[in-house]
Amino acid sequence: MKYSDLKIISASPDEVTVNRNELAQRLRTDREFNAPLLDKCRESFNKAVHYKCVYIQSPVDLSTEGVCDLGFMKIPSRDLYKNLRGCSEAFVMALTAGLSVDRLLARLNITSQAEHFMTDALSSAAIESFCDHACAIMQASLRCAPRYSPGYGDLSITFQKPLLERLNAFETLGITLNSAYLMTPVKSITAIMGIRSV
Amino acid sequence: MKKITELIKEKRVYFDGGTGTMLQSMGLPAGRPPELWNIEHPEKITALHNSYFDAGCNIVKTNTFGINRCKFENYRELIRAGIACAKKAAQGREEAYVAFDMGPTGRLLEPLGDLSFEEAVSVYADNIKAASDCGADLVLIETMNDSYETKAAVLAVKENCDLPVFVTNVYDAAGKLMTGADPLAMIAMLEGLHVDALGMNCSLGPDKMLSIISDFKRYSSTPVIVNPNAGLPEVRDGITVYNIDADEFSDYMVQLAENGACILGGCCGTTPEFITKTRAKTEALPYTCPDEKALTVVSSYTHGVIIDNDPVLIGERINPTGKSKLKAALRSGDLNYILNEAIKQAESGAHVLDVNVGLPEIDETEMMLRCISSIQSVTDLPLQIDSTKPDTLAASMRMYNGKPFVNSVNGTEDSMNAVLPIVQRYGGVLIALTIDESGIPDNAADRVSIAQKIIDRAAGYGIKKKDIVVDPLALTISSNPESALITLQAVSMLKEKGIRTSLGISNISFGLPKRELITATFYANALQCGLNCAIMNPFSEVMMNTYYTYRALSGYDKGCTDYIRYASAENGETVQKSAPAVSEGSLHTSIVKGLKDQAVSFAAGLLENTAPLDVINCHIVPALNEIGEAFEKKKAYLPQLLMSAEAASAAFDEVKKKIPSDKTDKSRAIVLATVKGDIHDIGKNIVKVLMESYGFTVYDLGRDVPPEKILSCALENNCKLVGLSALMTTTVPAMAETIELLKKTDKSFVTLVGGAVLNQEYADMIGADFYGADAMDSVRFAQRYYSK
């Protein structure tokens, strides 16, 4: 291991409550929408998912206007700079729902587009919910900025590369990047969450 | 000095411990690649190796773990310097060996990732070529978390040098690799590739590895390596430490050694002290090399299937013989049909899937490779590669992820000379047909003799008897009434000789009415004679009845649990009771409510006295329009629209059965693709399912599709309507590039585009003809296009 300061959070499907608003937004339905097929999708998703998160606590140096220096990478981004204002440290994290979810989606893509669509929506909402769950654990009693991910605002998606490398995310979570900087497993998230006060 | 492969047969051998943590304590800044020190501070690297040799290890790992051409431009120089550092430390020592160390590339292989198997082989091959004349004693492939990449690395070593190969994989606490393989699957594949030692490293401490070692002890005939971490990292007083110290570590290593670990060492967090203590406590323990396990195993990227007395079902549905739909699918390259057959067979209870794509008019090797890769992305069952062409077998076995069943070799000189070297090279369990130059013997004894001849010949290639499964051939009783008896006798004789057997069971009834009745009874007889595997139809209820009842009656189904589950499902007891009875609705309401099975039943009922086109025009289309309009008026949600579209498609398929294939309307077609670089295909798939439900022919090219492929598909099918999807801003340029290529080739191509990042303005900018805000929008456009 290149780094030994990495911290891991895992969770079982029971520990992560999928946010209903997130799910409804992705299904493009209202909060109350349900269907027997959605329950079936939930069941197979829960069998496939392996939630895992790796994170570090990193110093934040904002002394150069518009540049966020996290020690291991300097990020020119006005939007992240604004987001991190007032923070001297940040949590840097990567999370995944695991490769079995990719395999489940590949299978449903052949057998049923309705199930594929619903399971995809469900797994996207679920990884966001796991991210909330993990952030709550990291944060404990700290006051934090809203988490911010490569691809938001002017924060280039290319920063996923140094971020994932710093987190040893290939070894710890099995996350790899393709040439367009998209992650596999597909239901994975990288994020930075500034710490406002202790 | 003895070769390392000889030494590990005689005594316990020791690896060194962690490198990264040690180098950090010697001043390597966190995050800096340790491999750079091979050139910057070679004396420190040699000092590290010396400290491990002094601590009592026999094998040091070169400081080359992360080096490959993808990560370092000067990879050759770094590798050569790294081996030189280790060689310097080993010089003048007894029983001191240098392992050229290779780790993962950091990329995921296709089909889930974007690194091709052959590119991965070539990355590792370049490493081996750089290392080849530097004097390493063996190659260690370590910390591998994917079975497929492990195979690529092993092949690269085997094809580019003669050094012994040791392999260790990273298992999690549940005993699985990150991509899913368990120890049995890895052992089967690695032994098939003839590695010299195998095992596990990293991720877990020795305590957690104790729960996995028993699998290695049970299944491995090859010496087992155990290189654990010093437990888990934790922060104490602001400093990261591992939670198992050298004393505790070495106590666990004693238990691991007593449970079958042959070669001991350490990984992250371990230091020379760990190795010294481990050696001191384990050196005097009795040592035995693993004995040969008489296990016949085929494997996938997740698990192994043991071929033994408990019968194994090999699904026969992916074989074009006598299957017109499959033939059509193969000719048109429609993998979806094939993948559906694979998934359905897996759901029906098959343990292995036979894959035969031999048709005279297609490139069999190319199709086989496509099928294997695609099937392995949707099911984790081991596959049986079935071809009469040695070239096809070789190419397929090479790229298969696991240890395949191989169908087949026979007793002719030509066949044995062609097939046995391939199995020797890539590993597999080989089906041997009892036929030779004189044909198929008319008696059991001669068939057994041919089997024995093949087994003896295979032994000369290092292929073990356990890796040959004999098929004594089931021939139809309609031409020879004795043929079933001869085959059954041969199965019994082979069983007595400890040879595993398989039969293509359905052949027995060829030419007879109600074939399944004969086939199923013959299957029961053959099982009673000791048949191990049957290539059969898992969709056949009578065959599955035979399988489940035989297992219940023969003691393989403890507590009859599998039988009870099967019998309950047969009676519909597990089927959702709330589903309304078919008589309570209509095709129209089934489609509107999105009830697929009901829609199929109603369509079948209607077709008995309604013309196929009337079923489409008077029932399916109006129902689709109703839900489509409700969706457009925001009175129905997208999931409901999709469920309805699927129900309509299923009904449509039912109707198509009644329309002769030459009358199928292919004039209303669309090519669909998610553009190059983009792996999101939800939007494209929604459009696809809706288009299909409205009766359009869809040529779906999938995701991450290069412009040239889209163009060639459109030209090949003379389809001028092309739909493109992109979700990421980074991939919209690929969409523009595709449109430009299409328009440059032929101005009459019409493109419709959609996806989260697009809008009308953007679509205009990249020269698209139509921007579809949602799936219904796209369908309406296609309808307008074809009504012109």
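Counting the residues of the stretch B:127-144 that are away from chain A (no Cβ under 14 Å) and crowded, with 18+ Cβ neighbours inside 10 Å gives 10. Taking B:Gly428 and the conditions (1) in contact with a strand residue (DSSP E or B) (Cβ under 8 Å, 6 or more places away or on another chain); (2) without any contact (Cβ under 8 Å) to a residue 60 or more places away in the chain, which numbered condition does it fall short on, given that it satisfies the others? Among (1) in contact with a strand residue (DSSP E or B) (Cβ under 8 Å, 6 or more places away or on another chain); (2) without any contact (Cβ under 8 Å) to a residue 60 or more places away in the chain, B:Gly428 violates only (2).
Among helices (runs of 4 or more DSSP H) entirely within the stretch B:675-749, having at least 1 residues that are in contact (Cβ under 8 Å) with a residue 60 or more places away in the chain singles out B:682-693, B:732-745.
Picking from residues in the stretch B:220-241 that are within 12 Å of another protein chain (Cβ to nearest Cβ) and touching a residue at least 40 places away in the same chain (Cβ under 8 Å), the one that is farthest from B:Leu7 (Cα to Cα) is B:Ala230.
Taking the stretch B:242-254, which residues are more than 14 Å from every other protein chain (Cβ to nearest Cβ) and either touching a Leu at 6+ places or on another chain (Cβ under 6 Å) or assigned to a strand (DSSP E or B) (or both)? Of everything in the stretch B:242-254, just one residue is more than 14 Å from every other protein chain (Cβ to nearest Cβ) and either touching a Leu at 6+ places or on another chain (Cβ under 6 Å) or assigned to a strand (DSSP E or B) (or both), namely B:Met253. Scanning the stretch A:82-104 for residues that are in a strand (DSSP E or B), closer than 23 Å to A:Lys187 by Cα and of a type in the set (Asp, Glu) returns no hits. Residues in the stretch A:131-183 that are among the polar types (S, T, N, Q) and under 12 Å from the mean Cα position of the chain (by Cα): A:Ser149, A:Gln160.
Residues in the stretch B:303-335 that are farther than 30 Å from B:Lys495 by Cβ and either touching a His at 6+ places or on another chain (Cβ under 6 Å) or crowded, with 17+ Cβ neighbours inside 10 Å (or both): B:Pro320, B:Leu326, B:Ala329, B:Leu330, B:Leu335.
Here the condition is being under 21 Å from A:Phe117 (Cβ atoms) and of a type in the set (Val, Ile, Thr); of A:Val60, A:Val18, it holds for A:Val18 alone.
In the stretch B:1-90, counting only helices (runs of 4 or more DSSP H) that sit wholly within it, the ones holding 1 or more residues that are closer than 26 Å to B:Ala153 by Cα, more than 14 Å from chain A (Cβ to nearest Cβ) and touching a helix residue (DSSP H, G or I) at 6+ places or on another chain (Cβ under 7 Å) span B:37-40, B:42-55, B:75-90.
Within the stretch B:151-163, how many residues are within 19 Å of B:Asp114 (Cα to Cα) and either surrounded by fewer than 21 Cβ atoms within 10 Å (Cβ to Cβ) or within 14 Å of chain A (Cβ to nearest Cβ) (or both)? Adding up the residues that qualify gives 0. Do we find that B:Met200 is in contact (Cβ under 8 Å) with a residue 12 or more places away in the chain, of a type outside the set (Gly, Ala, Ser), closer than 22 Å to B:Phe166 by Cα and part of a strand (DSSP E or B) in this structure? Answer is yes for this residue. Residues in the stretch B:630-669 that are in contact with a Phe, Trp or Tyr (Cβ under 8 Å, 6 or more places away or on another chain), closer than 23 Å to A:Glu115 by Cβ and away from chain A (no Cβ under 13 Å): B:Ala651 only.
Confirm whether A:Phe91 is away from chain B (no Cβ under 11 Å) and either surrounded by 14 or more Cβ atoms within 10 Å (Cβ to Cβ) or among the hydroxyl-bearing types (Ser, Thr, Tyr) (or both).
Working: away from chain B (no Cβ under 11 Å): yes; either surrounded by 14 or more Cβ atoms within 10 Å (Cβ to Cβ) or among the hydroxyl-bearing types (Ser, Thr, Tyr) (or both): yes.
Answer is yes for this residue.
Check the stretch A:101-108 and report whether any residue there is more than 10 Å from every other protein chain (Cβ to nearest Cβ) and of a type in the set (D, E, K, R). No, that holds for no residue. Does B:Arg236 satisfy the condition of being surrounded by fewer than 20 Cβ atoms within 10 Å (Cβ to Cβ) and either under 30 Å from A:Ser100 (Cα atoms) or of a type in the set (Val, Ile, Thr) (or both)? No, not satisfied.
Scan B:Ile627, B:Ile620 and give me the residue that is within 30 Å of A:Asp39 (Cβ to Cβ) and either part of a strand (DSSP E or B) or within 14 Å of another protein chain (Cβ to nearest Cβ) (or both).
On the way: B:Ile620 fails: either part of a strand (DSSP E or B) or within 14 Å of another protein chain (Cβ to nearest Cβ) (or both).
Of the residues listed, the single one that is within 30 Å of A:Asp39 (Cβ to Cβ) and either part of a strand (DSSP E or B) or within 14 Å of another protein chain (Cβ to nearest Cβ) (or both) is B:Ile627.
Among the helices (runs of 4 or more DSSP H) contained in the stretch B:267-366, which hold 1 or more residues that are modelled with pLDDT of 95 or more, closer than 21 Å to B:Thr168 by Cα and not aromatic (Phe, Trp, Tyr)? If you could, list the steps in order and put the result at the bottom.
Working: elements: B:272-282, B:324-332, B:335-348.
Per the criteria, B:272-282.
Within the stretch A:1-25, the set of residues being touching a helix residue (DSSP H, G or I) at 6+ places or on another chain (Cβ under 9 Å), in contact (Cβ under 8 Å) with a residue 24 or more places away in the chain and within 10 Å of another protein chain (Cβ to nearest Cβ) comprises A:Met1, A:Lys2, A:Tyr3, A:Leu6, A:Lys7, A:Ile8. Residues in the stretch B:752-776 that are touching a residue at least 12 places away in the same chain (Cβ under 8 Å), more than 36 Å from the chain's Cα centre (by Cα) and either within 19 Å of B:Ile670 (Cβ to Cβ) or surrounded by 14 or more Cβ atoms within 10 Å (Cβ to Cβ) (or both): B:Tyr762, B:Ile766, B:Gly767, B:Ala768, B:Asp769, B:Phe770, B:Tyr771, B:Gly772, B:Ala773, B:Met776.
Among the residues of the stretch A:44-58, is there at least one that is farther than 22 Å from A:Arg143 by Cβ, within 14 Å of chain B (Cβ to nearest Cβ), among the basic types (Lys, Arg) and under 19 Å from the mean Cα position of the chain (by Cα)? Quick ask: steps written out before the conclusion?
To start, the set of residues in the stretch A:44-58 that are farther than 22 Å from A:Arg143 by Cβ comprises A:44-52, A:54.
If we keep only those that are within 14 Å of chain B (Cβ to nearest Cβ) too, we end up with A:44, A:47-52, A:54.
Add one more test, that the residue is among the basic types (Lys, Arg), and what stays is A:47, A:52.
From the residues that got through so far, the ones that are under 19 Å from the mean Cα position of the chain (by Cα) too are A:52.
Within the stretch A:44-58, one or more residues are farther than 22 Å from A:Arg143 by Cβ, within 14 Å of chain B (Cβ to nearest Cβ), among the basic types (Lys, Arg) and under 19 Å from the mean Cα position of the chain (by Cα).
The listed residues are B:Gly92, B:Gly135, and the only one of them that is on the phi > 0 side of the Ramachandran plot and free of Cβ contacts under 8 Å to residues at least 24 places away in the same chain turns out to be B:Gly92.
Quick check on the stretch A:158-184: of everything there that is more than 12 Å from A:Phe72 (Cβ to Cβ) and aromatic (Phe, Trp, Tyr), which residue is nearest to the other protein chains (Cβ to nearest Cβ)? Checked the stretch A:158-184; the qualifying residue nearest to the other protein chains (Cβ to nearest Cβ) is A:Phe170.
Entry remark, the stretch B:171-199: residues being under 23 Å from B:Thr19 (Cα atoms), under 21 Å from the mean Cα position of the chain (by Cα) and hydrophobic (A, V, I, L, M, F, W, C) number 3 in total. Among the residues of the stretch B:673-707, just one is within 27 Å of the chain's Cα centre (by Cα), more than 10 Å from every other protein chain (Cβ to nearest Cβ) and polar (S, T, N, Q), namely B:Thr674.
The values are calculated or read from the model by the stated rules, or taken from the named source; none is laboratory data. Note that the structure is predicted; figures quoted are calculated from it, not measured. Don't worry about glycine lacking a Cβ; one is built from the backbone with ideal geometry, like all the others, and counts go over all protein chains shown.
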